Amino acid sequence: MHIEPSIHNLRGMSDILPHETQLWRYMDNTLSTLLTTYGYSEIRLPLLESSALFERSIGAATELVEKEMYCFDDRNGMSITLRPEGTAGCMRARTQHGLHDNRLWYHGPMFRYERPQQGRMRQFHQLGVETFGMPDADIDAELIALNYRMWQQLGVDAQLTLQLNSIGNQHTRENYCAQLVQWIRDQAITLHPTDEARLTANPLRILDSKDTAMQKLLHDAPQITDFLDDDSRSHFDQLRHILDNASIRYRINPYLVRGLDYYNRTVFEWTTTHLGAQGAVSAGGRYDGLAAQLGGGDVCACGFAIGLDRLYLLLKQHIELHNVPHIYTVVFGDDIFAHAMAQIEQIRTAHPELSIVMHCGDGSLKSQLKKADKSGAILALIIGQNEMTAREMTVRELRTEKSTQHTVSDAHIAQWLNDYFIRHPFGNTIHKKLLQ
Ligand code: HAM
């Protein structure tokens, strides 16, 4: 018989497997709850947008647009792109629908054709937070404080460092770039071809050079903070003053410029040394010119996006979550299942908070009890021929030393379970283990 080769996932596009989803949900729920408490509203955006949106916003001369976008023509010959990030789409939606909400968030998959490695995927997930119409540094500070509180709630604040910089206005960057290019040319060194291309097309990007010789050299290069215009400087001072008052620590990194072209003034990244090469877990900044670039008029904006896959990797080092049922129902004997399921459905109605797994498929009492034990359940409800005839259930405690058994009538089982779980507050179906 001819067997077809099995099909695998695409490179850099991972499945999130059942043993991982519990922690993902915990992370998502913690973050979305926090966003609500800060007054942010969720927006859900399409995965596909017109390619022009990203070319006009992220910048045609960025690596992202030049090399990493998943672009293709649709059946009508229109160039469309799988979103590589959410800021542009969020701004497009806000403009298009004339929204007045000034605090928004979104989350979901993003797509970049990068070389996959740990923490860098072709399909990855972001939670993005965007604010609109607030020109002062108060909102930049709020976003950073919110991001910091997210780390605190998830218990990873000690692993993350805030890198902060201001890249001023258009004029600042033009002046700075001219000086930087001149300074590098004056060093009279042969540049790596990628750096040579950057220096010509988008000189700020040279600060992100991967070439170690260039990185070393850049330590002595001019710094953008020395070129800031007065307004940008006082904006930056104001931001630092608020952060200092809130005891949020940061490291000024004069070489932090970000890879997307829409930023001005504040830029920041939260980095970690716990994830190897891909250390940026969250990043953002101010992008006051983007609305106008997309035909949305003069609306200043500021935001950030968390790389959820990286945050997950960080969390995984500290938290283990298991989906453990409260009850595993053991059903044995002919024609017992219909009776058992009717009883269990009544328990579910009485106690919607309890998680109950029903055994499906045959199996001896012994093998089913083994499965019950392996599931991590706290109780096994055993229903066989004798129990059905007597209108009762056998309850076995699986997590106590003596594995005590009780006989409880069908009529009283809901009340019995109520009393049992009050006396033994094993709590959640989720057992959270915090490692030191
Ligand atoms: P970004 O720096 O391109 O910014 O991405 C934000 C975060 O997404 C990164 O810090 C990283 O954690 C994660 N990330 C990026 N690429 C990958 C990848 N290939 N695999 C895994 N994780 C990745 C933006 O996207 C901006 N839209 C952020 C923003 C929002 N600025 C203002 N508002």
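In this calculation the C-beta distance from K370 to H241 is compared with R0 = 60 Å, giving a FRET efficiency of 0.45. Calculation over all alpha carbon pairs of the stretch 66-180 in 5 angstrom steps from 0 returns a P(r) of 2, 8, 12, 14, 18, 19, 16, 7, 3, 1, 0 percent. Once the dipole of the chain is set up with Lys and Arg at +1 and Asp and Glu at -1 on Cβ about the Cα centre, which of Q123, Q385, I43 lies farthest towards its positive end? Among Q123, Q385, I43, the one farthest towards the positive end of the dipole of the chain is Q385. Taking one quarter of the surface of the convex hull spanned by the alpha-carbon atoms of the stretch 247-379 gives a direction-averaged projected area of 15.9 nm². Average accessible surface for the chain: 51 Å² per residue, computed with a 1.4 Å probe over protein heavy atoms with every protein chain in place.
With a ≥ b ≥ c the root eigenvalues of the C-alpha gyration tensor of the stretch 54-121, is it rounded (a/c under 1.5), prolate (a/b larger than b/c) or oblate? Oblate. Dividing the convex hull volume of the alpha-carbon atoms in the stretch 318-427 by its residue count gives 111 Å³ per residue.
Extending 7 Å from Cα along the Cβ direction at T190 and again at H406 yields two label points whose distance is 8.2 nm. Per residue, the chain reaches -11000 deg cm²/dmol at 222 nm when only DSSP H runs of four or more residues are counted, each adding -39500 (n - 2.57).
Using the Cα centre of the stretch 327-434 as the reference point, and only Cβ charges (+1 on K/R, -1 on D/E), how large is the resulting charge dipole? Debye, rounded to the nearest 20.
Working: 12 positive and 12 negative charges, 121 e Å.
Here the size comes out at about 580 debye.
Note on I422: accessible area approximately 120 square angstrom, rounded to 10, probe 1.4 Å, nucleic acids and ligands left out.
Indicate the gyration tensor shape class of the stretch 157-247 (rounded, prolate or oblate), computed on the Cα atoms with a ≥ b ≥ c the square roots of the eigenvalues: a/c under 1.5 is rounded; otherwise a/b larger than b/c is prolate and the rest oblate. Walk me through the intermediate numbers first.
Numbers: a/c = 2.82, a/b = 1.59, b/c = 1.77.
Because a/c hits 1.5 or more and a/b fails to exceed b/c, the stretch 157-247 counts as oblate.
Distance from the Cα centroid of the stretch 164-197 to that of the stretch 335-384 is 68 Å (rounded to whole angstrom). What residue among I224, I252, I382 has the largest mean-square fluctuation in a Gaussian network model of the chain, using Cα springs under 10 Å? For the chain, modelled as a Gaussian network with Cα springs under 10 Å, the answer is I382.
Kindly flag which residue pairs out of K316/K370; K366/K402; K316/K371; K316/K374; K370/K402 have an alpha-carbon separation exceeding 20 Å in this structure. Provide the component values of the computation, followed by the final result.
On the way: K316/K370 29 Å; K366/K402 17 Å; K316/K371 27 Å; K316/K374 22 Å; K370/K402 16 Å.
Cα-Cα > 20 Å for K316/K370; K316/K371; K316/K374; rest within.
For K370, the accessible area of its heavy atoms, probed at 1.4 Å with every protein chain present, is near 150 square angstrom. Take every pair of alpha-carbon atoms less than 8 Å apart whose residues are at least six positions apart; their mean separation over the length of the stretch 306-381 yields a relative contact order of 48 percent.
So what is the diffusion coefficient of the stretch 153-198 in µm² per second by Stokes-Einstein at 10 °C and 1.306 mPa s, using a Kirkwood Rh over Cα pairs? Numbers along the way, then the final one.
Working: Rh = 14.0 Å.
So the translational diffusion coefficient is about 113 µm²/s.
Per residue, the convex hull around the alpha carbon atoms of the chain comes to 226 Å³. Considering only protein heavy atoms and a 1.4 Å probe, what is the carbon-and-sulfur percentage of the accessible area of the chain? Percent of accessible area from carbon and sulfur atoms in the chain: 50. For the pair T161 and L99, label points projected 7 Å from Cα toward Cβ lie 3.5 nm apart.
Which semi-axes, in whole Å and largest first, does the equivalent ellipsoid of the stretch 137-293 have when worked out from the alpha carbon gyration tensor as the square roots of 5 times its eigenvalues? Don't skip to the end; give the middle numbers.
Numbers: eigenvalues 153, 77, 35 Å².
Largest first, the stretch 137-293 gives 28, 20, 13 Å.
The aspartates and glutamates whose alpha-carbon is closer than 20 Å to the alpha-carbon of K210, local same-chain residues fewer than 8 away aside, are E63, E66, E68, E114, D195, E196, D220, D261, E269. The mean sequence distance of close C-alpha pairs (under 8 Å, at least 6 residues apart), as a share of the length of the stretch 327-434, puts its relative contact order at 28 percent.
For the chain, what relative contact order do you get, as a whole percent, if you take Cα pairs closer than 8 Å and at least 6 residues apart? Display every interim value, and only then the final one.
Numbers: 707 pairs, mean separation 65.4, N = 436.
Computed value for the chain: 15 percent relative contact order.
For the pair C360 and D298, what calculated FRET efficiency results from E = 1/(1 + (r/R0)^6), where r is the Cβ-Cβ distance and R0 = 51 Å, to the nearest 0.05?
Details: r = 62 Å, r/R0 = 1.21.
For D298 and C360, the calculated efficiency is 0.25.
How high is the FRET efficiency from Q317 to H424, r the C-beta distance, R0 22 Å, rounded to 0.05?
Working: r = 31 Å, r/R0 = 1.40.
Step by step, r from the Cβ atoms, then E = 0.10.
For the chain, a crude dipole built from +1 on the beta carbon of Lys and Arg and -1 on the beta carbon of Asp and Glu, taken about the Cα centre, is about 920 debye to the nearest 20.
The values are calculated or read from the model by the stated rules, or taken from the named source; none is laboratory data. What you are looking at is a predicted structure, and each value in this text was computed from that prediction instead of being measured. Here the Cβ is made from the backbone with ideal geometry for all residues, glycine too, and neighbour counts use every protein chain on show. These area figures cover heavy atoms from the full protein model, side chains too; ligands, DNA and RNA do not enter into them. Shrake-Rupley method; radii C 1.70, N 1.55, O 1.52, S 1.80 Å.
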